[in-house]
Amino acid sequence: PRGRAGRAAGGRGQRGRRVGRGGGGGGEKLTPENMVFSGCSVTSGKGKGIVVETGMHTRIGRIAQLIAGGDGGQAKTKCGCLPDTSANATPLQVSLEALGARIGMVAIFVCVLIFIIGVVLGRGDPSLPPNSCDTKCTVLYMILIAVTLAVAAIPEGIPLCVTISLSIGCKEMVKNNVLVRKLAAVETLGSASVICSDKTGTLTEGKMTMVKMHAGGVAYSVEGKGFDPTVGCIRNAETGDNAAGDMSVKSALLAALLCCNTTLEKVKDPETGEEKYEPKGNSSEAPIIVAARKVGFSESIAAEYPRVLEVPFSSSRKMMLTVSDISGRSELCPGGMQLVNGGKFLAVCKGAPNFIVEHCAEQLMADGTVQKMTEVAKQEVLKVVDEYSSQALRVLAIATHCMRELPYSEDDEDVTTDQQFQACRQGMRLVGVVASVDPDRDGVPESVLLARGAGIRVVMITGDYLKTAIAIARNVNILQQEDDQDVSAVDCARLRPNDDYLSHCEMDSLTSTVRVFARARPEDKLEIVKSLQRQGQVTAMTGDGVNDAPALNQANIGVAMGIQGTEVAKGAADMILTDDNFCSIVAAVEKGRAIYAGIQKFVAFIMSVHIAEVLQIFFCIVAGIPIMRTPLQILFLILVTDLPPSIALGMEPGETTILKERPRPRSEPVVLGWMWVSMVMNGVVLSVVIICVYIGALMYYCGKVFQDDIQLLEDFENHLMDARTVAFISLVWAENVRSYTSRSFNRPVWKNFFGNPEMQKAIFVAQICLYAAVLLPYFSDKILGLRGLHIGGHGWLMAAAGPIGCLLLCEACKVLTAYQMQNYQRALAARQEAVSAKEEEAPASQKALPAHNIQSTDTDLMASEEANVIEV
């Protein structure tokens, strides 16, 4: 029950002893073995609970108190009243905050400098008559200019554009089957250097189909694909005969069926209306159910063998066990193997072949006889398992034990599940081995190659047997021909010899070059992530089970499965794959890089425009010419005509070569050194072009350039407004051109010119605002001080010189910027290759580690799969 904690009642397979609450000889256990806690998920088994605590007295209530902290959950503040969110700030937020602080300091310095220079030189309001502005008037006017310039110098639109860009990026990712739960994941995607992926359902389709089996010493092939039992049959691999009636086949499949909880149902596809077969339960058991139906077993046959005990699969046992009632039967089924005379119960084990074979004392043969399971016979069976595993098949072994009585007392509540399991597992008889294939998802091999080209290492973490994992990894290009599988693929037993994890140094040496981790437990994922992060890698980790939640939470980018994933895993993840497809991860990385690149582009655009604003005003004051814009015109430019193109740049599609670049270091600032050079160059270009246009306009309309001379002219206010209008129009046009050139730091402006439809809309809005500002009566002349209706054709032609000059010079600047970008990418690649070269010295030490040649099978993966099946 939600919000409650309970004590497990003494039922079958449960411990019923009460744990003391202190006192006596020892203290209270940290996690009493007969307690369950609110907020936890029931993953398997059956039981009853008695509620003993509720609300804040439960463990989850205590956790809530700890989260609230000593202040009782009161929000932290800074500066007296502002909320303090620094603890949750993302790298991008930290970088932008540092950028803002740097710009703020520079802006204050420049504004103070301009104020001092203006006062010293006596620069007054050019709209006032000459000799009418005293020192007080000059000071007030320069204060107004300095404050306005501070507004112009600080790019206040950056936070807004960043938020809009990230939000729109998240919306677009949903179309690509990626649901982003945390905005920080979008920026982190751009710097991902390692993707740790599950196999089943992510790299593969997760639709297991039995293709081979080995029973009674005979090999069989299973025809058909998918879950339709009416398609295909089972044939003798050597003769090709239909083997549906073979005793060993029927015995192996029925025994396996009795150890399954999965059912096969015919359902109607809601989209097409067609009927199809669909398994309900564990994906590893579905091939067994389908194959059993192919040989003629009915869907209700399991009900004829009442189950009296079930021991669920666990990663420690590596197998599942059931005990069924077979009273009155002399053979398992018509045409099946003979049972022990007087046998009442049949124990069936299904799981990892090496663990099953280890506990088998005999083997069923094709003629119905039973042979002793010698070491030679065991090795022959394991040889078959290795052969199947090398073909990327998931292998399960089935063994039985016929009993006249249960080897434990059903009335003894102190008998634990493990004790029941140990008692029923004795003297097993191997009846068969089944092998299933999980086809690769379409597009996964290509996506893995794309990730490799992007400098991202793809790591597969699976519960499969090592040879199976290697075969699958080669199929999907995680392992390539040049990779040494002895170094690039390891059994996770090497991470924890003697059940103790390696030291940090040894663990990091091992994980630095490994691409395949086989026979992994859920807790292994957490250790692998920690090791990769210690090496400076930015890690994305996939998971679907409850036990995957710590690794998802620890990873830089936790990726949960939307279809097979549990709610616990989804809650711990940063993003969810709604189609459980690995290709969606690579697409999300590409989109994350594109979003981050778009943020860098509009930051560069905004900064270059603001640098130009400051330089233009600074030049006018120092040179003694009338300031080319009023404070209100400056604010109009920043908030109305500059903002739409900035937002459009944040929505810029990624360049085609974006996945060929190296992953961005997570600590890298949003504005790099070469970007500062580009911003300053483009800001200077914009300033020089507009200043030239303004001087030309002053000469045309006023005949003079300097403020003192212009103020002596008759009707100088209107002449000055005309010159300012030309400069204003030219600046808006030039900034619009600059927004187009900002779409790429190194590509020509005409490449994919119409590739961003949002840019066309933004420029259209900016142009509408421009013409409203210069042409609307009263608003243009009385409020903004612009006279677009009076500048004539010459004025519009002079204004056109600004965008033309800006286009040519900004494109020329890209030559230097492209050179600097290439040098930066080379330096970044050199640093990362140096780190990789250092890590590649590890293989020698890796091979020296104990191999722990423990064979296993794909059933290890069932640990995470069956953990998702709730049986209450």
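Before moving on, here are some points about what is shown:
- Point-to-point label distance, A237-E446, nm (Cα→Cβ direction, 7 Å offset): 3.4 nm
- Accessible surface for F619 stands near 80 Å², nearest 10, in the context of the full protein assembly shown (1.4 Å probe).
- Bridges between two residues of the chain, per DSSP, are antiparallel at a rate of about 75%.
- Among the DSSP helices (H) of the chain, those spanning at least 24 angstrom by Cα along their long axis with an average Kyte-Doolittle hydropathy of 1.0 or more are 91-121, 135-153, 157-175, 582-623, 673-701, 757-775; this is a geometric and hydropathy rule only.
- In this structure M651 has an accessible area near 50 Å², from a 1.4 Å probe over the protein heavy atoms.
- Cut-off 12 Å (backbone N to label point 7 Å along Cα→Cβ of I301), residues of the stretch 332-347: 332-337
- Segment Y771-L713, length gained on full extension (0.36 nm per residue, minus Cα span): 18.0 nm
- Straight-distance crosslink candidates among aspartates and glutamates, where the alpha carbon sits under 20 Å from K704 and sequence neighbours closer than 8 are dropped: D125, E714, D715, E717, D722
- Listed residues H719, H504 arranged by accessible area, highest first, probe 1.4 Å: H504, H719
- Centre separation in Å (Cα based) which lies between the stretch 599-672 and the stretch 730-803: 15 Å
- With the whole protein complex present, K280 retains an accessible surface near 90 Å², based on a 1.4 Å probe.
- For the pair S41 and T135, the difference between a 0.36 nm per residue extended length and the Cα-Cα distance amounts to 26.2 nm.
- Largest-first ordering by accessible area, 1.4 Å probe, given options D442, D386, D722: D442, D386, D722
- Total formal charge among the other residues, if their Cβ is under 10 angstrom from that of G598, Lys/Arg +1 and Asp/Glu -1: +2
- Multiplying the residue separation of A219 and Q535 by 0.36 nm and subtracting their alpha-carbon distance yields 109.1 nm.
- Efficiency of FRET between F706 and M105 - r from beta-carbon atoms, R0 51 angstrom, step 0.05: 0.95
- The magnitude of the dipole of the stretch 701-793, with charges of +1 and -1 set on the Cβ of Lys/Arg and Asp/Glu and taken from the Cα centre, is near 740 debye.
- Listed pairs K225/K350; K591/K751; K225/K570; K318/K467; K350/K530; K225/K525 exceeding 26 Å between Cα atoms: K225/K570; K350/K530; K225/K525
- Cubic angstrom per residue, convex hull over Cα atoms of the chain: 213 Å³
- Spin-label model, L816 to E156: label points 7 Å out along the Cα-to-beta-carbon direction sit 3.2 nm apart.
- Accessible surface ranking that places the most exposed of F753, F728 first, with a 1.4 angstrom probe: F753, F728
The values are calculated or read from the model by the stated rules, or taken from the named source; none is laboratory data. None of these values were measured; they are calculated from a predicted model. Cβ sites come from the backbone with ideal geometry, for glycine too, and all protein chains shown count toward neighbours. In case anyone asks, the SASA skips ligands and DNA or RNA and just uses the protein heavy atoms, side chains included. Shrake-Rupley method; radii C 1.70, N 1.55, O 1.52, S 1.80 Å.
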